[in-house]
Ligand code: G1P
């Protein structure tokens, strides 16, 4: 059985839900507290044992490459001013892991973006982490939990959690049968079904471990929902060819592609930070007193 060593992070989307912030800046660079969202994703991959990362970029995404690269001027300036802690912080980002980039030249959907990773992936199982989903865990990182599941079942794994019935139309939904506490076998998949048509409320939440056989399928996958080549459609086909499981991972998942989800991630991340918690909590306690909240206009 091959080890899961490689991860693909699609980051080519326009980020229209965050306009105007994303007009000239990639949405993946929006900070949750003081760290770009994509860095949370890269850190999860590294903490899960991933050795090589491919980021699929598009137009206006140069800032992502600059973020994970050395910034000689900044490093010299910090060194000159004796700001050693900041210097170490900045250096640690560029030394994190081997990151490769490829540009998706046309916005044809997530399935097409993943197809761009074919040469990078080769003939190994690989992880996919979507940048809109940040998962906070106290112990084992989300992707590591999934790799453990892959090691147990030796087949493709979809990261899922149950969502509210009224939210099923935002996600890829699993038609499955429970195999163990946190594991379902995947019999079918539907991309963003209407509430009445959803086979369950088990939703794919931005984490996948996929066998390379997906590339032969993606080559011929026709545009689906929204006129885009959907990864979910290709996975549905793969599930017909071989076993596939869905793993209900532990952790708090934030949809940082959504404004409310982004705010939740920001508030809760700040509350978990020793340097901010106390003052921020005092502020929040004050602000939730009804009168204060109503005075903010
Ligand atoms: C994508 C996938 C969908 C998945 C979701 C998770 O949709 O197509 O199957 O459930 O990510 O966040 P998107 O939100 O990019 O439209």
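The values are calculated or read from the model by the stated rules, or taken from the named source; none is laboratory data. Since the structure is predicted, the reported quantities are computational estimates derived from the model, not experimental observations. Note that each Cβ is placed from the backbone with ideal geometry, even for glycine, and that neighbours are counted across all protein chains shown.
Summary table
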| read-out | value |
| --- | --- |
| Lone unmet requirement of (1) buried (at least 17 other Cβ atoms within 10 Å of the Cβ); (2) part of a helix (DSSP H, G or I) for residue 264 | (1) |
| Qualifying positions in the stretch 111-129 - within 16 Å of the ligand (Cβ to nearest atom) and either at pLDDT below 95 or farther than 20 Å from residue 186 by Cα (or both) | 112, 113, 114, 115, 116, 117 |
| When residues of the stretch 252-279 are limited to those that are away from the ligand (no atom under 14 Å from the Cβ), touching a residue at least 12 places away in the same chain (Cβ under 8 Å) and touching a strand residue (DSSP E or B) at 6+ places or on another chain (Cβ under 7 Å), the one nearest to residue 176 (Cα to Cα) | 252 |
| Qualifying residues in the stretch 149-174 (those that are more than 18 Å from residue 132 (Cβ to Cβ) and within 13 Å of the ligand (Cβ to nearest atom)) - the one surrounded by the fewest Cβ atoms within 10 Å (Cβ to Cβ) | 162 |
| Scope the stretch 186-221; condition in a strand (DSSP E or B), more than 10 Å from the ligand (Cβ to nearest atom) and buried (at least 22 other Cβ atoms within 10 Å of the Cβ); matching residues | 186, 202, 209, 210 |
| Single residue of 59, 23 found to be assigned to a loop (DSSP other than H, G, I, E, B), modelled with pLDDT of 90 or more and over 17 Å from the mean Cα position of the chain (by Cα) | 23 |
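Here's the yes/no breakdown for (1) under 16 Å from residue 256 (Cα atoms); (2) under 14 Å from the mean Cα position of the chain (by Cα); (3) surrounded by 12 or more Cβ atoms within 10 Å (Cβ to Cβ); (4) modelled with pLDDT of 90 or more:
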site: 5; (1), (2), (3), (4): no, no, yes, yes
site: 13; (1), (2), (3), (4): yes, yes, yes, no
site: 80; (1), (2), (3), (4): no, no, no, yes
site: 94; (1), (2), (3), (4): no, no, yes, no
